[in-house]
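What follows is one structure encoded as structure tokens, with my remarks underneath.
The values are calculated or read from the model by the stated rules, or taken from the named source; none is laboratory data. Not measured: the values here are computed from a predicted model. Reconstructed Cβ throughout: ideal geometry from the backbone, glycine too, with neighbour counts over all protein chains shown. Only protein heavy atoms, including side chains, enter the accessible area calculation; ligands, DNA and RNA are left aside. Shrake-Rupley method; radii C 1.70, N 1.55, O 1.52, S 1.80 Å.
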Amino acid sequence: MKTLFYNARLIDPEAGTDTPGWLLAEGGRVLDRGSGEAPRAEKVVDCGGKCLAPGIVDIGVKVCEPGERHKESYRSAGLAAAAGGVTTMVTRPDTMPAIDSPETLEFVARRAQEAADVTVLAMAALTKGREGREMTEISFLMDAGAVAFTDCDHVVTDTKVLTRALTYARSLGALVIAHPQEPVLSAGASATSGKFSSLKGLPAVSPMAERMGLDRDIALIEMTKARYHADQITASRALPALERAKNNGFDVTAGTSIHHLTLNELDVADYRTFFKVKPPLRSEEDRMAVVEAVREGLIDTISSMHTPQDEESKRLPFEEAASGAVALETLLPAAMRLYHSGDLSLPQLFKALALNPAKRLGLESGRLGKGAPADLVLFDPDKPFIMDRETLRSKSKNTPFDGQRMQGRVLATYVGGECVFAE
């Protein structure tokens with residue numbers, strides 16, 4: 001059956017355009033699009049002049065199955081993703097136990113297929129148990145469906161182990177995703193070093209720790225020629241190293257989180273633990289430098305870094321509280337802050353939210369071109385609302401945006417042309 005989306009504002013990150021028009025989908029694919037008279041179709045969706053864009057491809061979502069299902073399940077994460085315009089979740093392996101074997105990977109893939117209405121792709125651990133001592137069976141895990149390999153925030157300190165893993169990944173064409181951070185400097189830190197952390201008496205880490213971690217990784221990439229993606233670049237001091245690596249022709253990309261693009265260290269205020277993330281929130285100067293890097297294309301992707309934590313792990317003194325925030329549903333409204341402030345256009349935003357993540361993982365999605373999957377999000381970039389964390393579909397409610405005025409609402413989400421969420 002053909003579905004026509006008409007009276008839409010088409011956001012095309014591939015062409016870099018924001019134009020009125022229509023889009024025709026059939027069999028889960030984009031059949032055609034244009035700006036003139038719309039063709040006939042069995043099913044017609046009036047977009048009401050609102051924005052129609054490729055569905056978000058979110059790299060780095062934590063779903064707490066297996067081990068901590070009370071924090072987030074594939075069912076609740078799938079509902080949150082659909083409500084947030086995320087059509088593809090790329091999940092992290094930092095579960096209990098870690099996703100480090102084909103059996104565990106097959107279990108989560110089965111659970112995701114049963115419970116979630118959106119596409120779920122899994123990453124696997126780079127080392128067994130994410131302990132940094134012995135690399136996983138990368139080849140077997142790729143056969144089982146792993147799209148990338150990462151130890152998440154457990155930085156591999158043994159350079160020889162990491163070199164072997166990168167060399168093996170290179171031979172298989174596997175993508176390695178790393179958390180650039182010097183682990184000894186950053187151990188125990190809950191804020192970025194500076195006047196604010198000193199006044200608050202918080203254990204802090206210099207942004208230079210990120211630069212040092214990235215420098216080491218880039219040196220190993222130069223040696224092994226592996227495919228590499230830095231999960232979060234959040235500090236201005238890391239940007240020159242990233243730029244040099246790209247200019248030298250290394251297969252390197254980088255991402256950042258929506259929280260580091262829209263919040264800064266002062267938001268922690270009176271020890272508000274919902275603002276405790278990893279790496280810690282940076283200065284306003286760092287935030288603006290990272291926004292500029294996204295605009296220039298130096299930073300390729302924006303992700304939610306969705307990390308559910310229960311009340312017990314957040315209602316603690318700031319130093320002891322768990323890091324992380326939920327963001328599947330707040331990703332797009334938070335990104336609209338960058339649009340309304342004039343920092344990024346909608347095509348630039350969706351290039352980082354959808355097109356670039358899809359390209360890095362070799363997916364067909366993230367586009368509005370003919371033949372692309374009909375994974376779409378219909379949203380109103382101007383609709384105001386006050387965020388109430390109790391309305392979130394995630395099991396955990398640890399959002400830093402609770403009570404804040406936001407602008408931008410998802411009206412409907414389509415996966416393969418099928419509506420999986422409607423406001």
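Some notes on this structure:
- Region 96-125 residues that are touching a residue at least 40 places away in the same chain (Cβ under 8 Å) and more than 12 Å from Ala146 (Cβ to Cβ), paired with ones that are of a type in the set (D, E, K, R) and in a loop (DSSP other than H, G, I, E, B) (beta carbon under 7 Å, 6 or more apart): Arg111/Glu65
- Of all the residues in region 261-282, those that are of a type outside the set (A, V, I, L, M, F, W, C), more than 13 Å from Ala325 (Cα to Cα), touching a residue at least 12 places away in the same chain (Cβ under 8 Å) and surrounded by fewer than 19 Cβ atoms within 10 Å (Cβ to Cβ) number 2.
- When residues in region 334-360 are screened for being in contact (Cβ under 8 Å) with a residue 40 or more places away in the chain, open to solvent by 10 Å² or more (accessible area, probe 1.4 Å) and within 16 Å of the chain's Cα centre (by Cα), 4 of them pass.
- Members of region 195-230 found to be buried (at least 17 other Cβ atoms within 10 Å of the Cβ), out of contact with any Phe, Trp or Tyr (no Cβ under 6 Å at 6 or more places or on another chain) and of a type in the set (A, V, I, L, M), listed by number: Leu202, Ala204, Val205, Ala209, Met212, Leu214, Ile218, Leu220, Ala226, Ala230
Here is a yes/no grid of residues against (1) under 30 Å from Glu390 (Cβ atoms); (2) part of a helix (DSSP H, G or I):
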| site | (1), (2) |
| --- | --- |
| Thr88 | yes, no |
| Thr95 | yes, no |
| Ala98 | no, no |
| Gly129 | no, yes |
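- Within region 1-60, the set of residues being assigned to a loop (DSSP other than H, G, I, E, B) and hydrophobic (A, V, I, L, M, F, W, C) comprises Met1, Ala15, Ala38, Ala41, Cys47.
- The set of residues in region 376-394 that are farther than 25 Å from Gly48 by Cα and in contact with a Leu (Cβ under 8 Å, 6 or more places away or on another chain) comprises Arg393, Ser394.
- Ile258 being of a type outside the set (Phe, Trp, Tyr), touching a Gly at 6+ places or on another chain (Cβ under 8 Å) and crowded, with 22+ Cβ neighbours inside 10 Å: no
- Of the residues Pro102, Pro180, Pro93, the single one that is touching a Phe, Trp or Tyr at 6+ places or on another chain (Cβ under 9 Å) and under 19 Å from Ile59 (Cβ atoms) is Pro93.
- Flag for Arg405 being over 22 Å from Arg9 (Cβ atoms), in contact with a Leu (Cβ under 6 Å, 6 or more places away or on another chain) and surrounded by fewer than 24 Cβ atoms within 10 Å (Cβ to Cβ): no
- Any chance Leu162 is of a type in the set (A, V, I, L, M) and under 30 Å from Asp270 (Cα atoms): no
- Qualifying residue in region 75-86 (condition: out of contact with any strand residue (DSSP E or B) (no Cβ under 6 Å at 6 or more places or on another chain), within 27 Å of Leu355 (Cβ to Cβ), open to solvent by 10 Å² or more (accessible area, probe 1.4 Å) and modelled with pLDDT of 95 or more): yes
- So Ala293, is it open to solvent by 10 Å² or more (accessible area, probe 1.4 Å), in a helix (DSSP H, G or I), closer than 12 Å to Leu261 by Cβ and of a type outside the set (S, T, N, Q): no
- For region 141-159, the criterion of being in a helix (DSSP H, G or I) and within 18 Å of Ile218 (Cβ to Cβ) is satisfied by at least one residue.
- Scope region 208-252; condition outside any helix (DSSP H, G or I), of a type outside the set (Phe, Trp, Tyr) and over 21 Å from the mean Cα position of the chain (by Cα); matching residues: Lys225, Ala226, Asn248, Gly249
- Residue among Val184, Val155 that alone is open to solvent by 20 Å² or more (accessible area, probe 1.4 Å), under 22 Å from the mean Cα position of the chain (by Cα) and more than 22 Å from Val268 (Cβ to Cβ): Val155
- Single unsatisfied condition, Gly366 versus (1) over 18 Å from the mean Cα position of the chain (by Cα); (2) of a type in the set (Gly, Ala, Ser); (3) surrounded by 19 or more Cβ atoms within 10 Å (Cβ to Cβ): (1)
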